[in-house]
Amino acid sequence: MEVKANLSENNNHPSKEETFQDLFTQYYPHVVRKVMIVVKEQSIAEDIAQEVFVKLYHTDRTTIDNILGWLTKVAINTAYNHIRTEKRHQARIDKQQIYENDSVGSVEESYLTLEKIKEVQNTLMKLPERDRDLLIMQFSGYSYEEIAKSKGVEKVSIGTLLARAKKRFKNFYMQERREET
C-alpha cells in the first residue's frame, strides 16, 4: 500500500514544464496588459512578456512567494529597461546623423573650427598647470575620484578647484577676445 501512496503522490505533482505551462497560460494576458501600460505597442509588449516568462522559467519558483506580484514587477522593470535601451539607441542614431550632416561642412566652417580650437589651446596654455590639467582631465571624461588621486588632493575639493579653473579660463578667453577686436 505504501507503494501505491507514493505513486499517487508523484501523479499529483506536475512536472516543472507542466507547472510552467499552467502559469504561462494563466498569467500571460495579465503580464501583456501590464507591459502595455508602459510601452503602448502590442507586439513589443508581447515580446517583453515572453522575456519575462523566460526569466520565470530559469528562476527557482519555490523562492517566489507571490507569482503574480513577481511577474508584474519583472514585467514593469523589463519594459522600462526596453524603453531606456530604445532611447539610448535613438540617441546614437541622432548623434550619427548630426555627425554625418556636420562632416559635409564647407572649407570655411572647417577653418573657423580650427581657429576656435587654437584659441582654446592658447588660452589653456596661459592657465596655471594645475588648472589646465584639471580642465583637460574633466573634459576627457575622468571622474572626480580619478582627478583627485592624480592631483593628490581630496575628492571633495575637486568641484571647487574645477569651478575656479573654469572661471580663470573664461576670464582669459574673454580677455583675448576683447584684445582681438
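Assorted remarks:
- Helix 67-102 and the longest principal axis of the C-alpha atoms of the chain enclose an angle of approximately 30°.
- For segment 14-173: relative contact order, % (alpha-carbon pairs under 8 angstrom, 6 or more apart): 16 percent
- Using θ = phi - 60° in the Karplus curve 6.51 cos²θ - 1.76 cosθ + 1.60, the 3J(HN,Hα) couplings for segment 172-179 round to 4, 5, 5, 4, 5, 5, 5, 5 Hz; x is entered for Gly and Pro.
- When the pairs Lys118/Lys170; Lys116/Lys155; Lys87/Lys118; Lys116/Lys151; Lys40/Lys87; Lys95/Lys116 are compared against a 26 Å limit on Cα-Cα distance, Lys116/Lys155; Lys87/Lys118; Lys116/Lys151 fall above it.
- Span from the segment 59-83 Cα centroid across to the segment 120-139 one, whole angstrom: 50 Å
- A full extension of the chain between Gln26 and Ile83 corresponds to an added length of 17.9 nm, given 0.36 nm per residue minus the alpha carbon distance.
- Of the trypsin sites (Lys or Arg not before Pro) in segment 40-137, those whose Cβ has at most 16 other Cβ within 10 Å and which sit in DSSP loop: Lys40
- Calculated mean projected area of the Cα convex hull in nm² (choose from (1) 16.4; (2) 9.8; (3) 20.0), label: (3)
- Cross-link partners of Lys167 among lysines, defined as those whose alpha carbon lies under 17 angstrom from its own and excluding same-chain residues fewer than eight positions apart: Lys126.
- In terms of overall dimensions, segment 107-180 has a Cα radius of gyration and Dmax of 14.1, 46 angstrom.
Just so you know, all these numbers are worked out from the coordinates, no wet-lab data involved. No experiment lies behind these values; they were computed from the predicted model shown. Methodologically, a virtual Cβ is constructed for each residue, glycine included, from the backbone with ideal geometry; neighbour enumeration extends over all protein chains shown.
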